[in-house]
1. Considering each residue of segment A:124-137, count those that are facing chain B (nearest Cβ under 7 Å) and farther than 13 Å from B:SER203 by Cβ, and give that number.
2. Kindly indicate which of B:THR226, B:THR222 is surrounded by 19 or more Cβ atoms within 10 Å (Cβ to Cβ), at the interface with chain A (Cβ under 10 Å from one of its Cβ atoms), at pLDDT below 95 and under 26 Å from B:LEU72 (Cα atoms).
3. Tell me, please, whether a residue that is more than 18 Å from B:PHE78 (Cβ to Cβ) and modelled with pLDDT of 85 or more can be found in segment B:166-177.
4. Take B:GLY242 and decide whether it is small (Gly, Ala, Ser), away from chain A (no Cβ under 14 Å) and crowded, with 21+ Cβ neighbours inside 10 Å.
5. Would you check which residues across segment A:177-202 are crowded, with 17+ Cβ neighbours inside 10 Å and of a type in the set (D, E, K, R) and list them?
6. Is it true that A:GLU211 is under 30 Å from A:PRO55 (Cβ atoms), acidic (Asp, Glu) and under 15 Å from the mean Cα position of the chain (by Cα)?
7. Quick one: which residue in A:GLY94, A:GLY113 is of a type outside the set (Phe, Trp, Tyr) and within 16 Å of the chain's Cα centre (by Cα)?
8. Can you tell which of A:LEU48, A:LEU52, A:LEU9 is in a strand (DSSP E or B), hydrophobic (A, V, I, L, M, F, W, C), touching a Pro at 6+ places or on another chain (Cβ under 6 Å) and surrounded by 18 or more Cβ atoms within 10 Å (Cβ to Cβ)?
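The values are calculated or read from the model by the stated rules, or taken from the named source; none is laboratory data. None of the values given here were measured: they were computed from a predicted structure. Every residue, glycine among them, receives a Cβ derived from its backbone with ideal geometry; neighbour counts consider all protein chains shown.
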Amino acid sequence: MPILEVKGLTKRFGGLLAVNNVDLSVEAGEIFAMIGPNGAGKTTLFNLVAGLYKPTSGQIFFNGRSVYPVREFWRTYSPPIAAYYTVADAVRRGVGLGPLPLGLKPHAVTTLGVARTFQNIRLFSYMTAVENVMVGEHPRMHAQVWDALLNTPFARNEERRVRDRAMELMRFVGLERYADQYARNLAYGFQRRLEIARALATEPKLLMLDEPAAGFNPQEKAELMQLIQAIRSRGITVFLIEHDMKVVMEVSERIVVLDYGEKIAEGPPQKVRTNPRVIEAYLGKSA
Amino acid sequence: MKSKKRLSLGKGLAAAGRSQTFLYLGIGILLILFPIFDSDTSQVNVAAVAGVWILLALGLNIVVGYAGLLDLGYAAFFAIGSYAFAILASGQFNIHISFWILLPASALIAAFFGVLLGAPTLRLRGDYLAIVTLGFGEIVPRVFRNASVFTGGVNGIVGLDQPKVPPVFGWSGNFGFNPIPWYYLILGVIIVSLFLINNLRNSRLGRAWMAIREDEVAAAATGINTVTTKLLAFALGASFSGFAGTYYASKLFLVAPESFSFQAVSVVVLVMVVLGGMGNMRGVIVGAILIYTIQTYLLIQLPGWIDSATAALNIDWLTKLDLGHYAQQSNYLIFGLILVGIMLLRPQGLIPSAQRKVELELGTSEDSLAELQGQV
């Protein structure tokens, strides 16, 4: 069963069709890459899957479960709530509005097992590196407000456990020496790694990396590829956007190519590389 | 070599920690002995009221300093705490619930209203949230003023119950207008609050607040439910003003709507937090004490000082100018100038939190989750 499945996904920003009727599926355990020229809609697709944007139309399934639209989800689990949506949608259509824009919230998508990094690194700049990773553990912690207020033994134990686990992840990405530095003081490459560690702390089944090799030198790229392989061998599916062809061709098992929001090719690297439409999209039409 | 370095660093930290413990112990002993040195107890009374402001500033610091939500209507929760006590412990409806029950209960009531205000507004960011909270802060005292059947209208409610404890050391145990037990009570409440807030800050929840303050989008993407986390900030922040409200109303023996206006409470408490150092409890306490002193002592004494200074100089035209009179009239102008001066000299606050210090120098990201999702 595919871990992530996208059907007929469309996203419009006013007059701009950012993602147009895209179908794709990511199989569990693979390293799947999405490429395409600038503005092809890759990051928009990531944001749709992560719940940051609501699709204009289309469906997203994670492990066979609907992430969007939620209507399908409720139709199977709670008819009364589904009925509420139907009525609300009808009323909104009646007054000229679109249907209720309902999908899972970003944090709910994360707790389902989808973690991500950002193209323009978004760390908690003024928290230490290890605290950044500990934030990633937040959804799986159980200390309640009163535990927090009274600093109960339960909360203390959990804090210790979480810190240890965070340190372990810091070691995994090779940053254990920088645990107590402010995230913003880390070197650029380390910040990218820290973001990956934070995403891993949420214990994802699917990790989405948005241009992880951007601005890297060849040495750093080689290390990154090792890291991606290591993540996959932990049983985590990797879905990445990347511009660097060398990285994409070497690390990924399957590639999908987007251009102007549409899928123009899909398949193993060797096949995609020789696809005439892909060459055209990247190099332009030959005269 | 590395381990050696770490060891010496550890030692340094331990030494710093020890001297800090001594410092706090010293301050604690001074505070406990303070009423002994004050023969007519007037200063003890001032200190007890200052304690209310410290409590308010500590509560607002949770919302503004930790979670980064600009709340301009904090007075509303203070008012709700006060009126909750006034209605449930006075002759107004002849309900007399014990102060000791209402102290935590009104914190819960204020927290409930914190959630009530937070729920519809937390999608808003910075400036917009500030405007909505400002509105709420204006509405609540007005409701209390107009709902005169319950609240006594403009006159408020007079003759509130006061706490009682079993008699000790020949003292009857009635608080009444004796400032000394009031002083110890607020001291105790503040110490407990400091303990609780410190725990909060170092907890899972505190970390989530900071993450939201730093980058809301990334916080949501790491699995933090931004809505409930912000609501908790509002609720917990409000609950401390509930404590303060109960104490204040009972000590004053009355509540009246005009004591909870924007300029009297919301702004003053915000100034205490910002000027003291957002996100740093020590800073916030110092800020609260400083602003309170300026307001209740400096601004009131200033005209007198100016008058006696001009009289001493004995210059004819200077005496004729009557500067003291102007100083009295331009009370708020002088207050404003002092604030501007302090903020120019120390924009990061008197005792800034380590994070704020760097942030102010380097700026921070300002995207909001709602904004991203609002794109159609």
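1. Within segment A:124-137, the subset facing chain B (nearest Cβ under 7 Å) is A:124-127, A:131, A:134-136.
Now restrict to residues that are farther than 13 Å from B:SER203 by Cβ: A:124-127, A:136.
Count: 5.
2. B:THR226
3. Pass one, segment B:166-177, residues more than 18 Å from B:PHE78 (Cβ to Cβ): B:166-177.
Those left that are additionally modelled with pLDDT of 85 or more: none.
No, the conditions are met nowhere in segment B:166-177.
4. Yes: the conditions hold for B:GLY242.
5. Result: A:ARG184, A:ARG192, A:ARG193, A:GLU195, A:ARG198.
6. yes
7. That would be A:GLY113, the only listed residue that is of a type outside the set (Phe, Trp, Tyr) and within 16 Å of the chain's Cα centre (by Cα).
8. Checking each option against the conditions leaves just A:LEU9.
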